[in-house]
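Peer 1: I'd like to ask some things about the structure below.
The values are calculated or read from the model by the stated rules, or taken from the named source; none is laboratory data. Nothing here was measured: the structure is a model prediction, and the numbers come from that model. Counting neighbours? That spans all protein chains shown, and the Cβs are built from the backbone with ideal geometry, glycine included.
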Amino acid sequence: MKRLAILGSTGSIGTQTLQVVAEHPDLYEVRVLTAYSQADALIGQALRFEPDAVVIVDETQYNKVCEALADSPVKVYCGAKSLTEVVHMPSVDVVLTATVGFSGLEPTIAAIKAGKQIALANKETLVVAGNLITSLAIEHRAAILPVDSEHSAIFQCMVGEDSTPDKILLTASGGPFRQLSKEQLQTVTAAQALQHPTWHMGDKITIDSATMINKGFEVIEAKWLFGIDAEQIEVLVHPQSIVHSAVQFCDGTVKAQLGLPDMRLPIQYALSYPRRLELSGSRLDLVKIADLTFERPDLQRFPCLSLAYEAIKRGGNMPCILNAANEVANLAFRQDKITFPQISEVISTTMQAVSFEASPSLDTYRLTDSESRRVAQDIIYNS
Ligand code: MG
């Protein structure tokens, strides 16, 4: 029996993780659930899964959650600081990090220091501080297993191999705007971007997928997870989202992992590795799929991808600047404050304006994150 803490349990990955738990009650139990502000959803989950503790980050929702769970043995905590405390609980074996953005960094560090196994869905943690996270994981012998579908695919391709691949072929759906011209991209709206063709995800990552910065983040994530230089990670646009990624070895062999798009698979593989578990639902029929196409990404129309390669090449705190500027620009686009092409402009200008640090500490990351947010906000709202 593995005992789980699910950080961000009311989001898309969190709720699908609870589906996996519900399908395998003999293998998994939930000990901690946390949500940012969705109190009703958290209360419902707590009543159903009976964890030891829940955290509601938004303190204004604390009384509501306490009252609803007053007759249950579930302990209720609030505030972001509580996230770094609940991951220490001795009753937790695995911490699944499904929070959004920079906020995932400190709870992940706390979980690693407590020697917990990490099922990593919060990719921003590795984007911001990949060097720090991977060295802490080695020091504290905390395994980090990927939940991101592409990284799960790469991981599955590497199981049983002694050699490191020469190349990672990271696939991308291309997002909802894959076929639009540069002119058409000037006027697209957040509502259009939120209609992703193959994956149903949270709002922030769906916009990240439309700009393709999500793929840039995944290049950085893959670099740290698999110890491979970013130059050896090639992005391939694959609109069918059937090949979830591939690796190429020194003898030319390409190994890929294929399947229907369903996040429950990478979630449950991160929990069950090295075993595979039964998964309900339809099966991939290659005859029905017929076409599997691949093309190189267009960096002119999707400059965010180049910015991510540039950030990881510079290293230091540059990916942290990239991430913070993107969080601000992503939200501003969703609130109709900026246009789609302005997202990459805000990120690029912020990367030039914030001071570069070659060897950042955790404190540097905190300062860089807040400085970058200030600069990005200034570009959006005061210019
Ligand atoms: Mg992904």
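Peer 1: Just a yes or no: is a residue in segment 110-121 out of contact with any Lys or Arg (no Cβ under 9 Å at 6 or more places or on another chain), within 29 Å of Asn214 (Cβ to Cβ) and of a type in the set (S, T, N, Q)?
Peer 2: There is no residue in segment 110-121 that is out of contact with any Lys or Arg (no Cβ under 9 Å at 6 or more places or on another chain), within 29 Å of Asn214 (Cβ to Cβ) and of a type in the set (S, T, N, Q).
Peer 1: Oh, and also: Given the residues Ile289, Ile228, which is the only one that is more than 21 Å from Met158 (Cα to Cα), out of contact with any Lys or Arg (no Cβ under 6 Å at 6 or more places or on another chain) and touching a residue at least 24 places away in the same chain (Cβ under 8 Å)?
Peer 2: Ile289
Peer 1: A further question on this structure: Do we find that Asp166 is closer than 29 Å to Tyr273 by Cα and more than 13 Å from the ligand (Cβ to nearest atom) in this structure?
Peer 2: Spelling it out, Asp166 is indeed closer than 29 Å to Tyr273 by Cα and more than 13 Å from the ligand (Cβ to nearest atom).
Peer 1: Could I ask something else about it? Testing Arg48 on (1) farther than 30 Å from Thr364 by Cβ; (2) within 22 Å of the chain's Cα centre (by Cα); (3) not in a strand (DSSP E or B), one condition comes back false. Which one is that?
Peer 2: Failing condition for Arg48: (2).
Peer 1: Can you tell which of Ser383, Ser355 is touching an Asp or Glu at 6+ places or on another chain (Cβ under 8 Å) and either assigned to a loop (DSSP other than H, G, I, E, B) or among the basic types (Lys, Arg) (or both)?
Peer 2: Checking each option against the conditions leaves just Ser355.
Peer 1: Just need a number here: residues in segment 334-349 that are in a helix (DSSP H, G or I) and closer than 18 Å to Gln195 by Cβ.
Peer 2: 3
Peer 1: A further question on this structure: Given (1) aliphatic (A, V, I, L, M); (2) more than 14 Å from the ligand (Cβ to nearest atom); (3) closer than 27 Å to Tyr269 by Cα, where does Leu185 come up short, assuming only one miss?
Peer 2: (3)
Peer 1: Count, please, the residues in segment 271-312 that happen to be part of a helix (DSSP H, G or I) and either of a type outside the set (Lys, Arg) or in the same structural domain as Glu29 (by TED's automatic domain parsing) (or both).
Peer 2: 15
Peer 1: Condition first: more than 14 Å from the ligand (Cβ to nearest atom) and assigned to a helix (DSSP H, G or I). Now tell me which residues in segment 212-247 satisfy that.
Peer 2: The answer is Lys223, Trp224, Phe226, Ala230, Glu231, Gln232.
Peer 1: Which one of Ala311, Ala329 is touching a residue at least 12 places away in the same chain (Cβ under 8 Å) and touching a Pro at 6+ places or on another chain (Cβ under 6 Å)? So that I can check it myself, show each step before the final result.
Peer 2: On the way: Ala329 fails: touching a Pro at 6+ places or on another chain (Cβ under 6 Å).
Of the residues listed, the single one that is touching a residue at least 12 places away in the same chain (Cβ under 8 Å) and touching a Pro at 6+ places or on another chain (Cβ under 6 Å) is Ala311.
Peer 1: Sticking with this structure for a sec: Working only within segment 337-356, note down all residues that are of a type outside the set (Phe, Trp, Tyr) and either at pLDDT below 95 or in contact with a Leu (Cβ under 9 Å, 6 or more places away or on another chain) (or both).
Peer 2: Lys337, Thr339, Pro341, Ser344, Ile347, Ser348, Thr350, Met351
Peer 1: For segment 196-211, which positions are within 10 Å of the ligand (Cβ to nearest atom) and within 12 Å of the chain's Cα centre (by Cα)?
Peer 2: Across segment 196-211, the qualifying residues are Met201, Ile205, Asp208, Ser209.
Peer 1: Counting only residues that are surrounded by fewer than 23 Cβ atoms within 10 Å (Cβ to Cβ) and of a type in the set (Gly, Ala, Ser), which one in segment 10-45 is nearest to Ser72 (Cα to Cα)?
Peer 2: Among them, the one singled out is Gly44.
Peer 1: With respect to Ser282, determine if the residue is in contact with a His (Cβ under 9 Å, 6 or more places away or on another chain) and either surrounded by fewer than 16 Cβ atoms within 10 Å (Cβ to Cβ) or within 30 Å of Gln19 (Cα to Cα) (or both).
Peer 2: no
Peer 1: State all residues of segment 171-189 that are touching a residue at least 24 places away in the same chain (Cβ under 8 Å), outside any loop (DSSP other than H, G, I, E, B) and out of contact with any Ser or Thr (no Cβ under 9 Å at 6 or more places or on another chain); if no residue qualifies, say none. Show your work before the answer.
Peer 2: Just the residues of segment 171-189 that are touching a residue at least 24 places away in the same chain (Cβ under 8 Å), to begin with: 171-178, 180-182, 185-189.
Those left that are additionally outside any loop (DSSP other than H, G, I, E, B): 171-172, 182, 185.
The one that is touching a residue at least 24 places away in the same chain (Cβ under 8 Å), outside any loop (DSSP other than H, G, I, E, B) and out of contact with any Ser or Thr (no Cβ under 9 Å at 6 or more places or on another chain): Lys182.
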